[in-house]
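J.: Input: one structure, supplied below.
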Amino acid sequence: MHDLIIRGATLVDGTGSEPRLADVAVQSGRVSDIGQVSGSAAKMIDADGRVLAPGIVDLPTHSEAHVTCARTISPAPPLGVTTAVMGNCGFGIVPSPPAVRDLILRNLSVVEGMDLDALREGVQWDFESFPDYMAALRGASPYLNVAVLAGHSVIRTAVMGEAASEQKKPSTEQLARMQAMVAEAMANGAVGLGGSYSLNHSGYGGVPMPSTISDLGEFEALVAAMGDSGHGVVQVASGARSVEELADVSSRHGRSIFLTSGVAMYNDQAPERGIGVFDACASANANGSQVYVQIPCQPLSFDFTLANAYPFYSHEAFSEIKAYEPEQLKRAFGDSSFRNQFRNNLANVGPGMIFQGNWDRITVAVPALERNNALANQTIAELASQQARDPLDVMLDLGLEEDLATTFIGRFLNVGDEGVGRLLQHESGVVALSDAGAHLVFMCDAGFGLHFLAHWVRDRGEFSLSEGVRRLTSHPADFYGISDRGRIAMDLPADFLLFDADRVGVSAPERVSDLPGGGRRTIRRPVGVHGVYVNGVEVYGENGYATLDRGPGQVLDRFSPSRNNRATT
């Protein structure tokens, strides 16, 4: 007798093979039969021809703090995700000596748009070292399978404290301690190393996130410390670092490097710039390197107010005021010298900056005052044209009038299906970058996989159903060495997504107040999803989340060499 049988499914197995009608059985968390399955099971599901696919593999997420106090890792399970990699860009919460714990949370709250009070109340500090954290994750029994990146910034903070954002070059002893922490993480199940050189990554009080001020030699020393385990990827928000620089690191250490960068996203103001990054990766890879781009499949939408105008933070005018209190911000925004400095910044934008002065991409979403309701859904460019005024003044004056409470939506990057489609199809790209768990006060892109299936597979036909599912499952899993996930095959873990291909999608953003201490976040809900299973256990179904004494997710700590990874075995 099986534990579970799903009968009459359109099986899309994650390998790119053509869909076929089949039953799938599960025993002890693994696929036990495929085809015309006989016999009975403790639980029987009639798929009625719906698609049964592997669960989505979400590579870059920021759920490392959330999982310590909420094992569902909401909202990822309803959105089809069954495996998540945490610690993107090197911004984790471990190692965490007691003296720097609040510093870690303060920086995380700013760089990843998280509620600081919710972090302080929610994170359960029953760990300090990387092995401690992995044990804590197992004790938390998450609903999803999780893997963890060792983080350059958090390791730098653990060793250097406040100086991590000030001291560009560590001492010899400090660097040796950082290398030892990387080696310890890899020996205890880290999937790889994350870091950042992004101009947009600032911490509490406007300080740069620690890794962003380091030289590439320090980062390479940490890559070298990953050792000869035969596995381990490198993920980096590349910022001003070129593909050629990263390709050299890849070649010297035999590591696959996955970069994220606004420069690599489609921007209709510079339509060839993004594809140029992908082509540079392809050229480097043809010469023996392994450098890839993690590319989002949806526009990057930023909900924000002027009380936390993080899309503007890479501009020098904001460097001193990022962490100002509201009254200080009001004085700054009303000051002509600040406005002139911001105007000058926008006249001289550099690569990698989120906002490039495209005021037609900022919409008034929710006016704070009833008398301004007519402004809703109009862009700043439209309002400026109507008022015959500078758009910068229009936006700042509106924000001041509404006590910095106006909600704006910015759509700055990856807008334009033709341009984005070229990137998604490129051999050097990996569909990713949900940033799940981050910026959750303002946005939620955790439903990227359902959006991909709806928009790029069904509506636009850029990918077949089989290839679209592969791009969300075995393709990213293989790149990161998570080789037993992302496909439905005999004896492999039973991570499934059951959905209606004609209806699948994701809802509009919704604000809820369910974080520790009543903190607010933005979530999205699934459309056309009938079941999500992790290791054979339903974690989400048509009646919502399953109520489980323990989540079925596994803390992944064993990996095969990643696709094309030539690290020594």
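J.: Are there any GluC sites (Glu not before Pro) in the range 182-242 that are in a DSSP loop and have at most 15 other Cβ atoms within 10 Å? List them by number.
T.: For GluC sites (Glu not before Pro) across the range 182-242 that sit outside H, G, I, E and B with at most 15 neighbouring Cβ atoms in 10 Å, the list is empty.
J.: Tell me, in nm to one decimal, what length is gained between ALA224 and ASP132 on full extension, where the rule is 0.36 nm per residue of separation less the Cα-Cα distance?
T.: Answer, rounded to one decimal: 30.8 nm.
J.: Let me ask another. Using each residue's phi in the range 13-25, evaluate 6.51 cos²θ - 1.76 cosθ + 1.60 at θ = phi - 60° and report the 3J(HN,Hα) Karplus result to the nearest Hz, with x for Gly and Pro.
T.: 7, x, 8, x, 5, 5, x, 8, 6, 6, 9, 10, 10
J.: Quick one: what are the phi-derived ³J(HN,Hα) couplings along the range 294-305, Karplus 6.51/-1.76/1.60 with θ = phi - 60°, whole Hz, x for glycine and proline?
T.: For the range 294-305, the Karplus curve yields 8, 10, x, 9, 9, x, 7, 9, 10, 8, 7, 10 Hz.
J.: May I ask you to order 488-497, 38-47, 414-423 by the average number of other C-beta atoms within 10 Å around their residues, highest value first?
T.: Listed from highest to lowest mean packing, they are 488-497, 414-423, 38-47.
J.: What is the packing order of peptides 317-330, 190-203, 471-484, 80-93, taking the mean over residues of other C-beta atoms within 10 Å and listing the highest first?
T.: In decreasing order of mean packing, 317-330, 190-203, 471-484, 80-93 become 80-93, 190-203, 471-484, 317-330.
J.: For the range 302-409, what relative contact order do you get, as a whole percent, if you take Cα pairs closer than 8 Å and at least 6 residues apart?
T.: 35 percent.
J.: Oh, and also: Compute the helix-to-body angle for 243-253: its Cα long axis versus the longest principal axis of the chain, expressed 0 to 90° and rounded to tens.
T.: Tilt relative to the chain: about 50 degrees.
J.: Still on this structure: Between ASN377 and GLU121, how high is the FRET efficiency from 1/(1 + (r/R0)^6) when r is the Cβ-Cβ distance and R₀ = 41 Å? Nearest 0.05.
T.: The calculated FRET efficiency here is 0.70.
J.: Turning to a different aspect of this structure: Packing-wise, with mean Cβ within 10 Å as the measure, how do 255-263, 155-163 rank, highest first?
T.: Taking the mean over residues of other Cβ atoms within 10 Å, the ranking is 255-263, 155-163.
J.: I want to check the label-to-label distance for VAL512 and ALA323. Put each point 7 Å from Cα in the C-beta direction and report it in nm to one decimal.
T.: About 3.1 nm, to one decimal.
J.: Please give, to one decimal in nm, the separation of the simple spin-label points placed at ARG520 and SER171, each 7 Å out from Cα toward the Cβ.
T.: Going by the 7 Å Cα→Cβ label model, 4.6 nm.
J.: Amide H to amide H under 5 Å from ASP3: which residues, 5+ apart in sequence or cross-chain, H placed 1.01 Å off N in plane?
T.: VAL26, GLN27, SER28, ALA42
J.: Would you pull out the residues with amide H under 5 Å of GLN235's amide H, same chain only if 5 or more places away, H placed 1.01 Å from N?
T.: LEU193, GLY194, GLY195, PHE258
J.: OK, next. Could you calculate the FRET efficiency of ASP403 with ASN344 from 1/(1 + (r/R0)^6), where r is the beta carbon distance between them and R0 is 35 Å, rounded to 0.05?
T.: Once rounded, the FRET efficiency stands at 0.80.
J.: Would you mind checking which residues have amide H under 5 Å from VAL539's amide H? H placed 1.01 Å from N; only 5 or more apart, or other chain.
T.: Under 5 Å from the amide H of VAL539 lie the amide H atoms of VAL532, TYR533, VAL534, each far enough along the sequence or on another chain.
J.: Which angle from 0 to 90°, rounded to the nearest 10, does the C-alpha axis of helix 336-346 make with the longest principal axis of the chain?
T.: On a 0 to 90 degree scale, this one is about 50.
J.: With an 8 Å Cα cut-off and a minimum separation of 6 or more residues, compute the relative contact order for the chain in percent.
T.: Result for the chain is 22 percent.
J.: Compute the distance in nm between two label points, each set 7 Å from the Cα along the Cα-to-Cβ direction, one at GLU370 and one at GLN386.
T.: Simple spin-label model gives 2.0 nm for this pair.
J.: Can you work out the FRET efficiency for the pair ASP393 and GLU245, with r the C-beta to C-beta distance and R0 = 51 Å, to the nearest 0.05?
T.: 0.80
J.: As I understand it, the value is the acute angle between the Cα axis of helix 172-187 and the longest principal axis of the Cα atoms of the chain; what does it come to in degrees, rounded to 10?
T.: Tilt of helix 172-187: around 30 degrees.
Every number here is computed from the coordinates shown, using simple stated rules; none is lab data. Everything numeric in this text was worked out from a predicted model, so none of it was measured. Counting neighbours? That spans all protein chains shown, and the Cβs are built from the backbone with ideal geometry, glycine included.
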